[in-house]
Amino acid sequence: MPEEIRIIPLEGIPEVREGDDLPDLILKAAEAGPGIESGDVVVVTQKIVSKAEGRVVSLDSVTPSPEAERLAVETEKDPRLVELILRESTRIVRQSGPILITETKHGFVCANAGIDASNVGPEGLVSLLPEDPDRSAVAIRAAILERMGVDVAVIITDTFGRAWREGHTNVAIGVAGMRPFADYVGQRDPHGYELRVSTLAVADELAAAAELVQGKLDGVPVAIVRGYAYPRGEGSARELVREAEKDLFR
């Protein structure tokens, strides 16, 4: 285990717009601050990835379907928002009052297909999740390696609710340059007991830890985790999605 893990907010990243070179913005902010070192984990919020990739939609451009109109009445949501939720989802998992839980095309089970209006811009704009967050993470990692010569892991995060527990936490929706799990199965504890189910979702743990320095209102969309010996390898966030037949909550 490392003696110390640092979580460093990367300040100075400007408002991101469609077409911006996100790795360049990250590297410039890092150059003015803590730098980026091989072995770092660069944790990036989904919102700026979606902005750079043009995944921001004006509700004025959306025509709701009859199904969206019906659900809008039941959930008391804007029917245009409901239409986007339906478009981004493969199915509705649960609807109760204003709560609409769906399974996204990525396989994520979350509220409103991950669509969000906070920290996007003027009223009437919403952000959709990146089309392929793992691919986005791979692209950011590759650009940092090419331009700086440093080998890092990249995690793209979003805020999800959780079964069993109140409140929200950041989770990994895109991963590159690391395995999303630390697997202790088959190892023995100090008393000789063989571990059988101890697989830690370290990508989610790093995502949640990074949020402590990013905040929701502080304008810090990127953090660097330094000193953690993450499991190296070519992993993906899709591995974190529990298979439907094993998910007792679907």
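Test of understanding: what is the full-extension gain from Thr199 to Arg238, defined as 0.36 nm times their sequence separation minus their Cα-Cα distance?
Taking 0.36 nm per residue and subtracting the Cα distance, the gain is 12.5 nm.
Helix 133-148 versus the longest principal axis of the chain: what is the Cα-based angle in degrees, 0 to 90, to the nearest 10?
Value to nearest ten degrees: 40.
What accessible area per residue, rounded to a whole number of Å², is obtained for segment 25-175 using a probe radius of 1.4 Å?
Accessible area per residue: 46 Å².
Would you work out which of Phe249, Cys110, Leu71 lies farthest towards the positive end of the dipole of the chain, given +1 charges on the beta-carbon of Lys and Arg and -1 on that of Asp and Glu, about the Cα centre?
With unit charges placed on the Cβ atoms, the residue in question is Phe249.
Take the alpha carbon gyration tensor of segment 48-196, find the square roots of its eigenvalues, order them as a ≥ b ≥ c, and report rounded if a/c is under 1.5; if not, report prolate when a/b exceeds b/c, else oblate.
Since a/c reaches 1.5 but b/c is at least a/b, the shape of segment 48-196 is classed as oblate.
What FRET efficiency, computed as 1/(1 + (r/R0)^6) with R0 = 30 Å and r the Cβ-Cβ distance, is obtained for Arg94 and Asp21, rounded to the nearest 0.05?
For Arg94 and Asp21, the calculated efficiency is 0.15.
Can you give the calculated 222 nm mean residue ellipticity of the chain, where each DSSP H run of n ≥ 4 adds -39,500 (n - 2.57) and the sum is split over every residue, rounded to the nearest 500 deg cm²/dmol?
The helix-only estimate for the chain comes to -8000 deg cm²/dmol at 222 nm.
Could you work out the pair-distance distribution P(r) of the chain from its alpha-carbon pairs, with 5 angstrom bin width and percents rounded to whole numbers?
Each 5 Å bin holds this share of Cα pairs: 1, 6, 12, 17, 18, 16, 12, 8, 5, 3, 1, 0, 0.
From the backbone phi of segment 226-231, what are the Karplus-calculated ³J(HN,Hα) couplings (6.51 cos²θ - 1.76 cosθ + 1.60, θ = phi - 60°) in whole Hz, Gly and Pro given as x?
Karplus values, whole Hz, x for Gly and Pro: 10, x, 9, 7, 5, x.
Spin-label point model (7 Å from Cα, Cβ direction): what's the Arg162 to Ser61 distance in nm?
Each label point is offset 7 Å from its Cα along the Cβ direction, giving 3.6 nm.
Compute from the Cα atoms of segment 199-238 the Rg and the Dmax, the latter being the longest Cα-Cα distance, and quote both in angstrom.
11.7, 33
For each pair in Lys77/Lys246; Lys51/Lys77; Lys77/Lys216, compute the distance between the two Cα atoms and list the pairs where it is over 29 Å.
Flagged as over cut-off: Lys77/Lys246.
With only Lys, Arg, Asp and Glu charged, each at its Cβ (+1 for the first two, -1 for the last two), find how big the charge dipole of the chain is about the Cα centre; round to the nearest 20 debye.
The calculated dipole for the chain is roughly 460 debye.
Could you tell me what percent of the accessible area of the chain is made up of carbon and sulfur, with a 1.4 Å probe and every protein chain present?
On the chain, the fraction of accessible area on carbon and sulfur atoms equals 51 percent.
Which whole number in µm²/s is D for segment 13-132 by Stokes-Einstein, with the Kirkwood Rh taken over Cα pairs at 25 °C and 0.890 mPa s?
This corresponds to a translational diffusion coefficient of 155 µm²/s.
Using only Cα atoms, tell me the angle between helix 22-31 and the longest principal axis of the chain; keep it within 0 to 90° and round to the nearest 10.
Once rounded, the angle reads 40 degrees.
With θ set to phi - 60° and the Karplus curve 6.51 cos²θ - 1.76 cosθ + 1.60, what are the ³J(HN,Hα) couplings of segment 160-175 in order, to the nearest whole Hz, using x for Gly and Pro?
Taking θ as phi minus 60°, the curve returns 10, x, 9, 5, 6, 10, 7, x, 10, 8, 6, 10, 7, 10, x, 9 Hz for segment 160-175.
Around Glu11, which amide H atoms from residues at least 5 apart in sequence, or from another chain, sit under 5 Å from its own amide H, with H modelled in the peptide plane?
The answer is none.
The values are calculated or read from the model by the stated rules, or taken from the named source; none is laboratory data. Only a predicted model underlies this, so the values are computations on that prediction, with no experimental measurement involved. Methodologically, a virtual Cβ is constructed for each residue, glycine included, from the backbone with ideal geometry; neighbour enumeration extends over all protein chains shown. The protein model used for the area step is the full one, side chains on, heavy atoms only, and it has no ligands, DNA or RNA in it. Shrake-Rupley method; radii C 1.70, N 1.55, O 1.52, S 1.80 Å.
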